[in-house]
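Note sheet for the following structure.
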Amino acid sequence: MGRLTQAHIKSALSKPGRHHDGNGLFLSVRDSGQASWIARVQQKGKRRDIGLGSLRAVSLAEARGKAQMVKAAMVAGHDPILAINAPTELTRTFREAAMAFLEMRADNAKLADASQRQQLAHLRTYAFPALGRLQVQSIDADRIANCLKPIWLGKPVTAKKVRTLIIRILRFARPDGALFAGTLAPAVSDRLPKQPERGNFQAMPYRDVPAFWTRLGEKGGMGALALRLVILTAVRSGEARGATWAEMDLEAAEWRIPAARMKARKGHRVPLSPAAVALLRDAAPFKGKNSDLVFPSRGGKPLSDMTLTKAMRDMGATSTVHGFRSAFRDWAADETDFPREVPEAALAHAVPNEVEAAYRRTDFFDKRRALMDAWAGFVIGDKGSKIVRLAGAGQKMKR
């Protein structure tokens, strides 16, 4: 309890000097009768006085609260001035800062709409309930760790995405964001348990894909239809779920995925096998009136990633949707003589060698078309496959 009372303060106004309340808080009274609050602290062995405001503007209770904030900031290694005179940016709530961050990102053409929707969904589900109403200045490692604990072990991938998103928002929102975020991420990790080891995506053995394909053809629903395109083209789930008719040229049997929707932010051409073209023609009647999506949900929005997973689980498959890319890659390695660069290009993998990447001027499109035609023949069970030699390539493959 402080020493000063309202009676003491009234009496002190006629006594110039410093009147001690305790815990480093003083009321400084000048000869003119004007008075202001001062917090005295020790910083690196030196005494420092920090003004907290005039007596007219700051009450005794408010002065005591500010003095506590100054001391807490000193203990935490923060600037005590920011603790009591926070910039406008720091007084925003986390929800306000997050929405400003997403709005700014929406102006960036490299950010796909689907990615932004997922970020907002993650924030609403996992971050806003715990952090949304808090001011940016009050969010520290402890609060973030407590926010993440419910999903840290049960949903490790999602939890890491949410942690990264929270820290990016704080880095964007705080004037000292770059410095603050640099120490925040390790501090959050120190407060959370070690996550379970995560292996590669579980893939269906490629020899099992034709039988799965046959059963999948008997299953209705938009999710099963989109899954069939994923298998035939070896694209990522999100690339198929976000596909639009504007990207498709069925006459040329080509699918052009814009850079904004690719993981590496680089446009990708997908050669469509006759089977893939036929599948897309089958999907055409489902085109919505207000959506250009190839595989729209009932609400006209992109399918969720769980829709394709559910189609697999309904059929008893335990592998992942992403694992079909691995199955395709294993098949290409075991069953064809294509150089590795061709299936790697089909998967839109970045070239790991910087020198090689600088000199590569081709995407192997013609060779990839032959490769994807052969993969489709394998998947649908074409019994007439045979070894053929690629024209001009000096390579052979099973067809």
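The values are calculated or read from the model by the stated rules, or taken from the named source; none is laboratory data. None of the values given here were measured: they were computed from a predicted structure. Reconstructed Cβ throughout: ideal geometry from the backbone, glycine too, with neighbour counts over all protein chains shown.
Listed here are the residues, each with its yes/no results for (1) charged (D, E, K, R); (2) surrounded by 14 or more Cβ atoms within 10 Å (Cβ to Cβ).
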site	(1), (2)
ALA145	no, yes
PHE180	no, yes
ASP208	yes, no
ALA211	no, no
LYS219	yes, yes
LEU232	no, yes
Test result for PHE295, surrounded by 15 or more Cβ atoms within 10 Å (Cβ to Cβ) and either of a type in the set (Phe, Trp, Tyr) or not assigned by TED's automatic domain parsing to the domain that holds ALA346 (or both): yes
Residue in region 189-209 that is assigned to a helix (DSSP H, G or I) and under 22 Å from the mean Cα position of the chain (by Cα) present: yes
Enumeration of residues in region 343-353 that are modelled with pLDDT of 90 or more and either aliphatic (A, V, I, L, M) or within 12 Å of SER237 (Cα to Cα) (or both): ALA345, ALA346, LEU347
Single residue of ALA278, ALA283, ALA259 found to be farther than 23 Å from PHE378 by Cβ and in the same structural domain as ALA346 (by TED's automatic domain parsing): ALA259
Leading residue by the ranking (farthest from ALA264 (Cα to Cα)) among those in region 104-131 that are surrounded by fewer than 16 Cβ atoms within 10 Å (Cβ to Cβ) and at pLDDT 85 or above: PRO129
Test: LYS149 is at pLDDT below 90 and within 25 Å of SER189 (Cβ to Cβ): no
Filter result (within 44 Å of the chain's Cα centre (by Cα), polar (S, T, N, Q) and modelled with pLDDT of 80 or more) within region 43-88: GLN68
